[in-house]
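Okay, so here's the structure we're looking at.
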Amino acid sequence: MHQGRERGEPPPDPEKLKVVLATDCGSTTTKAVLFELRPEGWRQTFRGEAPTTVEKPFEDVTIGARNAISEVEELSGRRILDQSVSDGLAFVRPAGGKDGIDLYVSTSSAGGGLQMMVTGVVRTMTAESAERAALGAGAIVMDVLSVDDGRRPHERIRKIRHLRPDIVLLSGGVDGGTRQHIVELAETLLAADPKPRFGRTLKLPIIYAGNRDAAEDVRKLLEGRFGFQQVPNIRPVLERENLGPARAAIHEVFLSHVMSHAPGYDKVMAASPVDIMSTPHAVGVMAELAAKRRGIDLMAVDIGGATTDVFSVCKGIFNRTVSANLGMSYSVSNVLAEAGIENICRWLPFRADPDAIRGSLRNKMIRPTTIPQDMRDLIVEQAVAREALRLALSHHKSLAVGLKGVQQERTIADAFEQNATGASLIDMMAVGMIIGSGGVLSHAPDRKSAALMLLDSFEPQGVTELCVDSIFMMPHLGVFGSVHPGAAQEIFERDCLVCLGTSICPVSGRIRPGTPVLKYEISGGAKAAGTVAAGELVRIELPVGERARVVLEPLGRSVDVGAGRGRRLEIEAKGGHAGIVFDARGRPLALPDDPDERAAANARWMEALGIATG
Amino acid sequence: MGTAYTPGLKVSADATIEKIRRLPVKGEVLVDVGATVSPDTVVARALLPGDIEIVRLADRMGVDPDELTGNVRVRVGDEVRKGDLLAEVRGFFGLFKSQVASPCDGRVEYYTEVTGHLGIRKPPVPIEINAYVAGVVREVIAGEGVVVRTRGAFIQGIFGVGGERQGRIRMSCGSPGEELSPDRVPADARGAILVGGSSVGPEALKRAAAAGARAVVVGGITDRDLREYLGYDIGIAITGDENIPLTLILTEGFGRMPMARRTFELLRSQEGKAASVNGATQIRAGAMRPEIIVPAEGARDDDRAAPEGAGAGTLGIGTPVRAIREPYFGQIGEVVELPPQPVRIPTGAVVRVLRMRIGDGRVIEVPRANVEIVEL
């Protein structure tokens, strides 16, 4: 149980809340935001930030939180911190007039977030389910161990020894199946004897979510040496995943072991009657709420300094992946290493010396908080972002899949589709909204360039609403939503989402560039009509808050704008900073091979959207 | 006043430095508070648990695990020697015996009936940690390690590769702008920490290692040269464990960058003295930067307060700062104005800036995020 509640503080009554303070203690900065009930409804009103202070020389997260909250106090003129208490977090409560707050909530990803190791018997089956369970609970998965991972026992043991996970999720086998393999995995763990990251005297928590018939054998092996806890099998039968209990246990252990050993978190926990959520978990909660409310498939991406998280709610199933070493500052060199300099340079609207680009990215890595001062520098950063986003999406697609190894009953109709088991759940044609967040997207000086980054990296198909999270508020809203979902939703729509516009991306077989593929007619908030040719990007202005009726007529039997091949579609498009963008560059997006032609094409597309080219 | 986002790197002729020397597992501390230590003094020792040898008894004997019941000759906790009998199964009419002997010395840690596997933990492996710097033991962390305090010159670099090493400071370049070219590497550099100027290439690094140098300190290196020297691309910004014969420390960054004159002159003033260096770099909140520590002889301890870690400094009018991003990378100057309101910069972003006067008298405008305080 959470300390705030242990101290007897009752859960808050959402109806009585008027002023709420939320912090997100990130790996680099701690962000504090204020939510207020105004006459027009719930709003996000003020924001402050300060460097996170989890590590030396401070080693107390509340120092950074206090600094961020002080900035909110300065900006809002509201007295929030109880200055009579100098250590930890104490607040003026309840809110009255211009002073105080009613509730404090927090999320955290500081100190490297929640780091886990997971196991399963078969890599593509139980191990993959375990990975999904851990990722969905907001963890970074350091290693996936399975009987068929191609490593020999001593190699596994050596790898595990080097890791210092916060939690191990031990799963494998279906209920009633063979016990031998999962017991072998437990033996490997015992042999490696991994130590927890925090708390030298703490026993490393192991959550057992495998074959229930093997639980007793595994318990005998591990209990005493590790903190052993059993939950229902994540894959009780091959045909069904049951990730909920494992995720709940991970969340509980995250609070009781990991957070309580992280420096200063006991004080944060004591200051809030609501459980601290891991940052990605909170973002996931918000993404799920938004997808449900709209009744659409939705994707969200958060590109940070060290990692890139991708969330999807597709066909009603929530998935999250974290690409632990794809980011814009600490991990920028890893994007370079994974993507290659050629792939980064291919997004530039000018020819550049690859060595000079490499050097500037290395310097960004060693001085991660610097920002681009001139246009060319900014364009290079945005090129890196495209590659990080592309790689993170590819990683996500590989994990957000249906269950593998499942026998499917086929009807005669299925026989024509031939869907393999384990097919990706992500169908970009069905995704109705993409939300981007993280500095490079949310703080892009020209928001149209954020829209182009999403188009280039995610390659949406058909009709898709593109947004950014204005100030990376989704974590704060996710944890606030656990208390007052209605208010969180209201703020999400009003203050969190910044609409970039609506993208319309026809998909077809190979069509020669310049061939008209789509006819459109727009009425309402904007009036325009015309055709779009293959290879073109066309922007029609439609301001934020405006809506327009768009009639789309494919010019060719193979062209699909979202209603099926050759079928006409009428939509209501939402306006935004980029307005309506027709992207007829084809899917997958192919750039010219010749470097000069490619730079010219990039420049042409940027100009079509009204973006400066350096 | 305002906050600089990037803490400056310490470059100090007289600093008090504390290094925590901690074992990876609980062990025994071998020195007392007040003891004078040299870099190679062993200050703590521990026993790392030995590896486990998994003996697949059932597989080896060609029987099902349940057939082993009653036939395993050792119990959990037993000490065994290499060659000791672990299990024995008799075949038809008791004629054919199948036996498995222990492959190593150790202690039986587990036996699992489900798998028929037996785990033998080999004897523990001793590990030791040394003091790394010459100084005095200030604190003993019971069972874990010590804090060694020393006083002397302390220089933080911005990026490094290679771990802890000791040597004597030796200047290889006459000015901060000179490249440490292969011909400037002395033929005999045994035990030297070679200090160059603006940069170094793979050829000079290889020559320095062959000549016995322990470390090289320069302003910068091009990304291409570092890749060529290491033989691979650095991904995430965590270094220190590279398998290379010498430690490389950059004081300025990637590219050909003249070493800051203050750093260069300070190193020159320490020529011939024994120093401890570490290239380990971790760039996250509470970053770990590479370092050069030159303890002052005869002044290994004092009663000054413990040194403060690198925190975010405070900017004021007159604060010496250095630009750390293009287009002004490397420019050093003095803050002349701190506009309180955010300003639109050429990218279109609206950010807080400062104005600084640089060497040629010009005043340039730079985002506050793009400067670091030059610490005095």
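Laboratory data are not the source of any read-out in this text; all were calculated from the coordinates shown. Values in this document were obtained by computation on a predicted structure and should not be read as measured data. Counting neighbours? That spans all protein chains shown, and the Cβs are built from the backbone with ideal geometry, glycine included.
List the trypsin sites (Lys or Arg not before Pro) within the range A:45-136 that fall in a DSSP loop (any state other than H, G, I, E or B) and whose Cβ has at most 10 other Cβ atoms within 10 Å.
Values: sites: A:ARG47, A:ARG66, A:ARG78, A:ARG79, A:LYS98, A:ARG123, A:ARG132; in loops: A:ARG78, A:LYS98, A:ARG123.
Sparse-neighbourhood loop trypsin sites (Lys or Arg not before Pro): A:LYS98.
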Check: In nm, to one decimal, how far is the B:ILE141 label point from the B:ASP59 one, both placed 7 Å along Cα→Cβ?
Finding: 4.0 nm
Margin query: At R0 = 22 Å, how high is the FRET efficiency between B:LYS82 and B:LEU48 if r is their beta carbon distance? Nearest 0.05 is fine.
Written below: 0.60
Checklist line | Cross-link table A:LYS203/B:LYS19; A:LYS203/B:LYS26; A:LYS159/B:LYS206; A:LYS267/B:LYS26; A:LYS315/A:LYS574, entries beyond 21 Å C-alpha to C-alpha | finding: A:LYS203/B:LYS19; A:LYS159/B:LYS206; A:LYS267/B:LYS26; A:LYS315/A:LYS574
Notebook entry, point to check: In the range A:565-598, what trypsin sites (Lys or Arg not before Pro) fall in a loop by DSSP, with at most 15 other Cβ atoms inside 10 Å?
Noted result: A:ARG567, A:ARG568
Checklist line | Highest average packing first - A:606-614, A:532-540, Cβ atoms within 10 Å | finding: A:532-540, A:606-614
Checklist line | Simple label model, 7 Å out from Cα along Cβ direction - A:ASN242 to B:LYS206, nm | finding: 6.2 nm
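Among residues other than B:ASP105 whose Cβ falls under 11 Å from its Cβ, what is the net charge (Lys/Arg +1, Asp/Glu -1)?
Local charge sum for B:ASP105: +2.
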Next item on the list: Would you tell me the mean number of C-beta atoms belonging to other protein chains that fall within 10 Å of each C-beta in A:322-332, as a whole number?
Entry: 2
Checklist line | Spin-label model distance (nm) - B:TYR232 vs A:ASP427, 7 Å beyond Cα toward Cβ | finding: 4.2 nm
Margin query: Taking beta carbons within 10 Å but only from partner chains, what does the mean come to for residues A:352-365?
Written below: 5
Notebook entry, point to check: If you project the alpha carbons of the range B:158-289 onto their three principal axes, what span does each projection cover, largest first, in Å?
Noted result: 33, 28, 26
Note to self: Suppose R0 equals 25 Å. What FRET efficiency, 1/(1 + (r/R0)^6) with r the Cβ-Cβ distance, do A:ILE296 and A:LEU591 give to the nearest 0.05?
What the structure shows: 0.25
Checklist line | Length gained when the stretch A:THR613-A:ASP13 is fully extended (0.36 nm per residue, less Cα-Cα span) | finding: 210.8 nm
Item checked: Label-zone membership for the range A:509-532, site A:ARG568, 7 angstrom Cα→C-beta point, backbone N under 18 Å -> A:517-524, A:528-532
Checklist line | Those chymotrypsin sites (Phe, Trp or Tyr not before Pro) in the range B:147-249 that DSSP places in a loop and that have at most 16 other beta carbons within 10 Å | finding: B:TYR232
Next item on the list: With r as the distance between the Cβ atoms of A:ARG158 and A:ILE317 and R0 = 45 Å, compute the FRET efficiency 1/(1 + (r/R0)^6) and round to 0.05.
Entry: 0.80
Check: Expressed as a rounded percentage, what relative contact order does the range B:52-121 have, with Cα pairs under 8 Å and six or more residues apart?
Finding: 41 percent
Next item on the list: Over the whole of B:44-54, what's the average partner chain Cβ count within 10 Å per residue? Rounded to a whole number, please.
Entry: 3
Check: Among B:LEU47, A:LEU399, A:LEU34, B:LEU205, what is the fewest-to-most ranking by other Cβ atoms within 10 Å?
Finding: B:LEU47, A:LEU399, A:LEU34, B:LEU205
